There are 2 protein chains.
Amino acid sequence: MRLATRKDGSRDGQLVILSPDGGHCAPAPVRTLQEAIEHWDVFAAEALAIDAFPDALKPDALAAPLPRAWQWLDGSAFESHGALMDKVLGITPEKTGRPLMYQGLSDRFYGPTDDIPMPDEALGIDFEGEYGVIVDNVPMGIDADAAMAHIRLVVQINDWSLRALAGPEMKTGFGWVQAKPACSMAPFAVTPGELGDQWRDGRVCMDLLVDWNGVRFGAANGAPMGFGFHELVAHAARTRHLPAGTVIGSGTVSNPDFREVGSSCIAERRGIEIVDEGAPRTAFMCFGDRVRMEARTEDGRTPFGAIDQRVIAYQGA
Amino acid sequence: MRLATRKDGSRDGQLVILSPDGGHCAPAPVRTLQEAIEHWDVFAAEALAIDAFPDALKPDALAAPLPRAWQWLDGSAFESHGALMDKVLGITPEKTGRPLMYQGLSDRFYGPTDDIPMPDEALGIDFEGEYGVIVDNVPMGIDADAAMAHIRLVVQINDWSLRALAGPEMKTGFGWVQAKPACSMAPFAVTPGELGDQWRDGRVCMDLLVDWNGVRFGAANGAPMGFGFHELVAHAARTRHLPAGTVIGSGTVSNPDFREVGSSCIAERRGIEIVDEGAPRTAFMCFGDRVRMEARTEDGRTPFGAIDQRVIAYQGA
């Protein structure tokens, strides 16, 4: 099953269910994805029974599948990325053997084609292509095996980052606030079953194709996550209940052979340049730049649809 | 004006307005504090016109005034506390001249007399007495002066902390997830005007009386905040819009003469012991322990009411 949220002027939009070919949709039996995830089993049974999809799907009229969430916890589960970023930021993090995770703002996820207003080009505007999952209610203290069953939907995310602020905030030990504006989501939230054998061991084993201003920038695969999403969920729930609709992110998708497959964020490419050439060559994004992100299965399907958006100058409220 | 939320079986409770003497209340013209803060001017005008308070106020039946929020950003604005905690944790944070702030879980604030289930005494269970503000919609990029007008309510918070997890998480640079379970709120959210001249320069200039198992532990005053709340709001909003209902915290209330006035968390007292005696003497909380927190004006009023609650063993979902 694949779900999308149609913009309808309301804060949370109108949930729709996609036809098998993705060209049409039907209004869901509940109004919002938040309502669906709070009563998932009932919702899923009703949604799966729908077999008429009367409306043409209009990609430009879609919000994020979950336009706001009660919680967004983002990991950094790809080791090849983490090690390089630490080097770039001059950080020597404590090695704990546990996932890295921070809590980011979740009251707003941009839709897949929304313009992204940023206050200042000098802040080091960067994209971060990643995967995420949406869970139903997860009790505190759950183990990773049991957490797997709470992963109801998989999503694709652009975790916008402001690199000039990231290093200084990280060094405070308090994590990121200013360095992490609102994220974007690709249009379709999909059940794990929809991904077939590209969903393995709590990982989205698909290439994430990232294009910056129309030029291929990366095609890293989600398989080499150091922790599966079920382990990230268990980590997040160690001392808290996770409310239904909590979004858990993988962190930037990255592969050890990043020199061949490319990167899912500019900071990683700059890190490679620093290691290989002594200094970064690639600048961060400018106003007007576009980024496109689309995950592809081995047989060429793109179940999440595409993020395709432009950074613009914030003009004030 | 003082507001409380009555438990009524729903997730967000029923907002009520207190009588001037605090003994009675009237149902608010909207159902929840979230609705009130989203349309504050309209709400405040209607609420101020209420002059009949038919219901006796039952303190045990109160939830947090805002039982869940879209965002909780907690500062660490008391320098005497920060410097000591860094020493205890073995952290040498970068000095930036800007407020320290992290994002914590906000889908649940415990009510003032709720039992607090914690998974393990060995995690270093600690209270943190602090003040907070609730803002209406704040546009990205606002300056501190303009931010002051968005502070609609002031609250008193217990930011529960698990110290055995705090240091290791801080050293990752990602901030706290497991070390920061849900917080508690004192029963009454009050308008800044209600505090009179105890609200000065964006600071709650009141003693925060903290009692641990019936013994006075601290009575630090909120005046020496290194940044006012308006400055914390502006810091938080630099690269994001703050949704109405965002809660911004001061961090543990602490005074430079903490050896005389005491502390608002156990970690600070342990820090003093480490500095003065070479090792901590005071243990963290045990299951069954109680903590009481109540802020007092110079003339003896307690506008926020009291947090008075007990830590219990989490028994599983």
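Summary of values
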{"item": "More than 19 angstrom apart: percent of Cα pairs within the stretch B:1-63", "result": "24 percent"}
{"item": "Potential lengthening between B:Asp55 and B:Ala83 on full extension [0.36 nm per residue; Cα-Cα distance subtracted]", "result": "5.4 nm"}
{"item": "Whole-Hz ³J(HN,Hα) from phi, Karplus 6.51 cos²θ - 1.76 cosθ + 1.60, for the stretch B:71-86, glycine and proline x", "result": "7, 10, 10, 10, x, 9, 9, 9, 5, 5, 6, x, 5, 5, 5, 4"}
{"item": "Relative contact order %, the stretch B:1-63, counting alpha carbon pairs below 8 Å whose residues are six or more apart", "result": "35 percent"}
{"item": "Residue of B:Pro224, B:Pro280, B:Pro187 that the Gaussian network model of chain B assigns the largest fluctuation, springs spanning Cα pairs under 10 Å", "result": "B:Pro280"}
{"item": "Selected from B:Phe43, B:Phe304, B:Phe188 as most flexible by GNM, with chain B as the system and alpha-carbon contacts under 10 Å", "result": "B:Phe43"}
{"item": "Simple label model, 7 Å out from Cα along Cβ direction - B:Lys7 to A:Asp12, nm", "result": "2.4 nm"}
{"item": "Chain B, relative contact order in percent, only Cα pairs under 8 angstrom and at least six apart counted", "result": "23 percent"}
{"item": "Distance cut-off 44 Å, percentage of C-alpha pairs in the protein assembly as shown lying past it", "result": "18 percent"}
{"item": "Cα-based convex hull volume of the stretch A:186-317 per residue, rounded to whole Å³", "result": "169 Å³"}
{"item": "Calculated FRET value between B:Ala283 and B:Asp201, using beta carbons and R₀ = 22 Å, to 0.05", "result": "0.05"}
{"item": "Residues whose placed amide H lies under 5 Å from that of B:Arg203, excluding near-sequence neighbours", "result": "B:Phe229"}
{"item": "Distribution of pairwise C-alpha distances over the stretch A:229-287, 10 Å bins, in %", "result": "19, 33, 22, 23, 4"}
{"item": "Kirkwood hydrodynamic radius of chain A, from inverse mean 1/r over distinct Cα pairs, in Å", "result": "19.6 Å"}
{"item": "B:Lys58, A:Lys95, A:Lys180, reordered so the largest accessible area comes first (probe 1.4 Å)", "result": "A:Lys95, B:Lys58, A:Lys180"}
{"item": "Amide proton proximity set for B:Asn221, modelled H, under 5 Å, gap of 5+", "result": "B:Leu208"}
{"item": "Sequence-distant aspartates and glutamates (8 or more away, or on other chains) whose Cα lies within less than 20 Å of B:Lys58", "result": "B:Asp8, B:Asp12, B:Asp21, B:Asp114, B:Asp115, B:Glu294, B:Asp308"}
{"item": "Cleavage-rule hits, trypsin sites (Lys or Arg not before Pro), the stretch B:188-288, DSSP coil, Cβ neighbours within 10 Å at most 12", "result": "B:Arg281"}
{"item": "Built amide H within the under 5 Å cut-off of B:Val138, gap 5+", "result": "B:Leu242, B:Ala244"}
{"item": "Approximate spin-label separation A:Thr96-B:Arg301, in nm, with each point projected 7 Å along Cα-to-Cβ", "result": "4.3 nm"}
{"item": "The stretch A:188-317 - percent relative contact order, Cα under 8 Å, separation 6 or more", "result": "27 percent"}
{"item": "Local net charge near A:Asp41, Cβ-Cβ under 15 Å (Lys/Arg +1, Asp/Glu -1)", "result": "-3"}
{"item": "Cβ-vector label at 7 Å, B:Gly300, separations to other copies in nm", "result": "8.3"}
{"item": "Qualifying lysines (Cα of each under 25 Å from Cα of A:Lys180; at least 8 residues distant if same chain)", "result": "A:Lys7, A:Lys87, A:Lys95, A:Lys171, B:Lys95, B:Lys171, B:Lys180"}
{"item": "Alpha carbon convex hull of the stretch B:1-146, volume per residue in cubic angstrom", "result": "163 Å³"}
{"item": "Rounded, prolate or oblate (a/c below 1.5 giving rounded, otherwise prolate when a/b exceeds b/c) for the stretch B:117-241 by Cα gyration tensor", "result": "oblate"}
{"item": "Global geometry of the stretch B:264-317, whether rounded, prolate or oblate, following the gyration tensor of its Cα atoms and the 1.5 cut on a/c", "result": "oblate"}
{"item": "FRET efficiency estimate (nearest 0.05) - Cβ-Cβ, A:Asp145 to A:Asp276, R0 35 angstrom", "result": "0.30"}
{"item": "Most fluctuating residue given options A:Ala52, A:Ala83, A:Ala26, as computed from a GNM of chain A linking Cα atoms under 10 Å", "result": "A:Ala52"}
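The values are calculated or read from the model by the stated rules, or taken from the named source; none is laboratory data. A quick note: this is a predicted structure, and the numbers were derived from the prediction, not measured. No Cβ is skipped: glycine too gets one built from the backbone with ideal geometry, and neighbour counts run over all protein chains shown. For accessibility, only protein heavy atoms count, side chains too; no ligands or nucleic acids. Shrake-Rupley method; radii C 1.70, N 1.55, O 1.52, S 1.80 Å.
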